Amino acid sequence: MQQQKKQRQQTWRTIDWQDSRAVRRLLEKGHDPNARLSGGLRPLHAAITDGPSDAVRLLLEAGADPSIQDDSGRTPLELAVGMNAVEPIGLILERHPHLASDTLHEAVSHRSNGIILLSLDRGAEIDHPSGPWGRSPLHRVSAYGGGAETIRLLLERGADPNAQDSTGQTPLHLADNPESIRLLLERGALLDAQDRTGQTPLHKAMEMVAIFRHPETIPLLLQRGADPDVQDSHGQTPLHLAAMRNDPENIRLLLQRGADPYLLNENGRTAFTLGNDSVQDALLEHGYIPLPEERVYFKSQRIRTRVEKEIREIRQAQRRFRVLIGQREPLRQGQPSQRQQQESEQRKSARRASRQIVEMNPDLFNQLVRYGVRSVPRDERERARFGEWCRHHELINIGDAPPQIRARWLEQMRYEQKRSSR
């Protein structure tokens with residue numbers, strides 16, 4: 001008798017959720033399957049948390065809504081995904097197949113690969129955009145960091161690695177760790193895809209390294225062939241961004257990969273003018289010669305002194321070149337001494353270098369001065385070293401490269417030799 005009285009007094013707030021028969025009795029008595037409980041919870045929330053799958057099934061059959069939010073904004077479906085409750089989710093999708101794509105997004109957030117597969121098997125759209133930025137599941141898992149197995153799973157099931165969200169960003173723009181980047185590139189992600197602001201994944205990596213500290217992503221993108229000279233809608237290159245963040249390490253890395261330090265942003269500024277003295281040192285080490293109007297941006301007297309010395313050397317070299325170009329080998333009588341022969345060979349070598357400069361391009365000398373007069377091979381030994389360096393870096397067609405590019409390669413070889421000898 002007491003048991004019957006107790007059963008008559010039961011409500012959603014008092015029943016034992018492990019007892020699916022109690023759930024059935026309340027439903028048969030007409031209790032609302034979507035009744036509001038403490039904290040805005042609904043019976044379906046409680047059944048997923050504490051009850052057997054039978055209780056979930058009974059509530060769904062009675063019309064329980066898996067999309068109703070509690071006071072914290074969480075739905076029964078989201079609760080089930082967070083608990084990795086595969087069986088209740090299967091019951092929900094069986095009666096509400098239209099929620100499969102929402103389930104996929106929620107499962108990706110939790111990297112619940114079993115639920116991802118379940119939602120895909122129940123008809124989820126693998127590139128379904130969601131949220132304020134219209135991002136696909138692949139966007140979401142790429143942005144959260146880690147999750148390489150989930151990324152691999154989505155790609156194997158056909159996710160588009162070049163899908164764009166509402167800002168034009170692809171998953172590669174959001175990826176912030178090497179393993180995710182490799183997986184996306186292996187499946188055809190575009191290295192230099194630009195978003196609505198013109199930024200590439202390399203731009204984004206340069207921004208994220210200051211926040212999330214994954215410095216290895218930048219060399220990886222560059223090794224795979226990312227263009228370091230792409231300018232965004234403000235004219236900023238990755239080199240500009242590295243300078244603005246006072247990041248000499250990545251300045252050096254970008255320069256080694258061929259970044260042009262003379263590109264101007266929309267305000268007419270080069271990277272040299274945007275960084276601190278450590279950034280300016282990195283650029284000067286690479287052979288950068290500041291433009292005349294950039295003298296006002298020197299960060300210290302030391303930088304000013306260093307640049308003025310470089311410019312004096314360039315002017316002296318320019319005068320020497322002019323003399324060498326006009327020289328003629330004097331006629332000599334008799335057998336020259338060994339010292340005279342050595343001096344003669346040195347003069348011949350210098351004249352050959354001078355003639356090459358003049359013959360390659362009438363404006364070449366000015367271009368070389370822009371990058372530093374040291375961009376001319378000093379002698380036959382250095383010329384041979386340069387050839388070996390180019391072959392090692394697979395720069396086969398040296399003769400077909402523009403003079404400025406060859407000058408930059410030579411400066412890079414010298415820079416690497418200088419670093420390795422320290």
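The values are calculated or read from the model by the stated rules, or taken from the named source; none is laboratory data. Bear in mind that the values here come from a model prediction, so they are computed numbers and not experimental data. Neighbour counts run over all protein chains shown; Cβ positions are idealised from the backbone, glycine included.
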Worksheet entry | Pair list, Cβ under 7 Å, 6 or more apart: the stretch 154-171 residue under 10 Å from GLY134 (Cβ atoms), other residue of a type in the set (A, V, I, L, M, F, W, C) and not in a loop (DSSP other than H, G, I, E, B) | ALA163/LEU138
Response to the item:
All conditions in (1) closer than 30 Å to LYS29 by Cα; (2) of a type outside the set (A, V, I, L, M, F, W, C); (3) in contact (Cβ under 8 Å) with a residue 60 or more places away in the chain are true of GLY145 except (1)
Item to complete: Could you check, for the stretch 101-111, whether at least one of its residues is at pLDDT 95 or above, buried (at least 19 other Cβ atoms within 10 Å of the Cβ) and assigned to a loop (DSSP other than H, G, I, E, B)?
Response: no
Fill in: Criterion violated by GLN318 - all others in (1) within 29 Å of the chain's Cα centre (by Cα); (2) closer than 25 Å to TRP409 by Cβ satisfied
(1)
Worksheet item: When the stretch 137-176 is examined, which residues are found to be under 20 Å from ASP192 (Cβ atoms) and crowded, with 24+ Cβ neighbours inside 10 Å?
Response: LEU138, HIS139, SER142, GLN169, THR170, PRO171, LEU172, HIS173, ALA175
Practice prompt. List the helices (runs of 4 or more DSSP H) that sit entirely inside the stretch 276-366 and contain at least 2 residues that are modelled with pLDDT under 75, under 30 Å from GLY258 (Cα atoms) and out of contact with any His (no Cβ under 6 Å at 6 or more places or on another chain).
Written response: 301-326, 338-360
Worksheet item: When you scan the stretch 117-211 for helices (runs of 4 or more DSSP H) that lie fully inside it, which ones turn up with 1 or more residues that are closer than 30 Å to ARG95 by Cβ and out of contact with any Phe, Trp or Tyr (no Cβ under 9 Å at 6 or more places or on another chain)?
Response: 137-143, 148-156
Item to complete: Hey, can you tell me all the residues within the stretch 246-275 that are of a type in the set (A, V, I, L, M, F, W, C), surrounded by 20 or more Cβ atoms within 10 Å (Cβ to Cβ) and over 23 Å from LEU410 (Cβ atoms)?
Response: LEU274
Worksheet item: Got a sec? Which of ARG74, ARG21 is surrounded by 14 or more Cβ atoms within 10 Å (Cβ to Cβ) and either free of Cβ contacts under 8 Å to residues at least 60 places away in the same chain or among the aliphatic types (A, V, I, L, M) (or both)?
Response: ARG74
Discussion item. Filter the stretch 212-223 down to the residues that are part of a loop (DSSP other than H, G, I, E, B) and at pLDDT 95 or above and list them by number.
Written reply: none
Fill in: Which listed residue is closer than 18 Å to ALA47 by Cα, free of Cβ contacts under 8 Å to residues at least 60 places away in the same chain, not in a loop (DSSP other than H, G, I, E, B) and not aromatic (Phe, Trp, Tyr), from GLY90, GLY63
GLY90
